[in-house]
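Step one of this worksheet: look at the structure below.
The values are calculated or read from the model by the stated rules, or taken from the named source; none is laboratory data. None of the values given here were measured: they were computed from a predicted structure. Virtual Cβ from ideal backbone geometry, glycine too; neighbours counted across all protein chains shown.
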């Protein structure tokens, strides 16, 4: 039986242009790629492997719960002095 998970990921680009990706609701689940497409493909594979490993050890598939929040932020126009 298969289950579909919709999970958040964090994408950052380091000083060398490498895309670093992580899934913050699965402890230790991260990857990277030299292009965004490669990084996304790699994190999908990492998530699948991490969940399978957790389930094999009798752990819940996710190590944290998550929610989305909507935040209104007033942004002032930046003017250098």
Item to check | In region 43-61, the residues that are free of Cβ contacts under 8 Å to residues at least 40 places away in the same chain and either farther than 19 Å from residue 3 by Cα or in a loop (DSSP other than H, G, I, E, B) (or both) | outcome: 57, 58, 59, 60
Checklist entry - Scanning region 1-15 for residues that are modelled with pLDDT of 95 or more and in contact with a helix residue (DSSP H, G or I) (Cβ under 9 Å, 6 or more places away or on another chain), which turns out nearest to residue 45 (Cα to Cα)? => result 9
Checklist entry - Applying the selection to region 38-59, what residues are within 15 Å of residue 28 (Cβ to Cβ) and surrounded by 16 or more Cβ atoms within 10 Å (Cβ to Cβ)? => result 42, 43, 46, 47, 50, 51, 54
